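The values are calculated or read from the model by the stated rules, or taken from the named source; none is laboratory data. Everything quoted here is computed from the prediction, not taken from an experiment. Glycine gets a Cβ as well: all are built from the backbone with ideal geometry, and neighbour counts include every protein chain shown. When the accessible area is computed, the model is the full protein with side chains, heavy atoms only, and any ligands, DNA or RNA have been set aside. Shrake-Rupley method; radii C 1.70, N 1.55, O 1.52, S 1.80 Å.
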Amino acid sequence: QVQLVESGGGLVQPGGSLRLSCAASGVIARVNVMGWYRQAPGKQRELVATITHTGVTNYADSAKGRFTLSRDSAKNTVYLQMNSLKPEDTAVYYCYVYYIPGFLDSPRPYWGQGTQVTVSS
């Protein structure tokens, strides 16, 4: 079993900043990919940013230049620093991990419960 603990969501004014964190724990041999997706009301879930176990990052175009994803590999934790937030960033942000429980296992995905981010004046 894997547990994902998300934190850092909330209400912020346009132009403000928030930092999300997500810590994975449980039976994990290796995290292959970890990051964040988001889902706004009436829209599909979409990529925000991910990072691989080798440190390669992938950002949505909407996040480039404003959001920074970093990790603490020893703690299986990722941090999403979000700056210059816009009302269109309002969504539920979901932590995502693609991991292997044991080195002989196949990789599998797991999602967090989500944390609300609201950008409004």
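General observations
- Considering only Ala40, Ala49, Ala29, the Gaussian network model of the chain with Cα springs below 10 Å gives its largest mean-square fluctuation to Ala29.
- For the range 77-121, the per residue solvent-accessible surface stands at 50 Å², with DNA, RNA and ligands left out and a 1.4 Å probe.
- Excluding same-chain neighbours fewer than eight residues apart, the lysines reachable from Lys86 by a Cα-Cα span under 20 Å are Lys43, Lys64.
- Across the accessible surface of the chain, with the other protein chains kept in place and a 1.4 Å probe, carbon and sulfur atoms take up 49 percent.
- Around Leu85: net Lys/Arg minus Asp/Glu count, Cβ-Cβ under 15 Å: +3
- For the range 60-121, the list of chymotrypsin sites (Phe, Trp or Tyr not before Pro) that fall in a loop by DSSP and count at most 15 other C-beta atoms within 10 angstrom reads Phe103.
- Under the simplified labelling scheme, the Asp61-Lys43 pair shows an inter-label distance of 1.3 nm, with each label point 7 Å from Cα along Cα→Cβ.
- Debye log10 I(q)/I(0) for the chain, one point scatterer per Cα, at q = 0.13, 0.23 Å⁻¹: -0.47, -1.33
- Label-point separation, Gln3 to Tyr79 (7 Å along Cα→Cβ), nm: 2.2 nm
- Cα gyration tensor, the range 14-59 - rounded (a/c under 1.5), prolate or oblate: prolate
- Size of electric dipole in the chain: Cβ of Lys, Arg +1 and of Asp, Glu -1, about Cα centre, debye, nearest 20: 80 debye
- Distance (nanometres) between label positions extended 7 Å along Cα→Cβ at Glu88 and Ser17: 2.3 nm
- 12 Å cut-off, amide nitrogen to a point 7 angstrom out along Thr118 Cα→Cβ, residues in the range 1-37: 10-13
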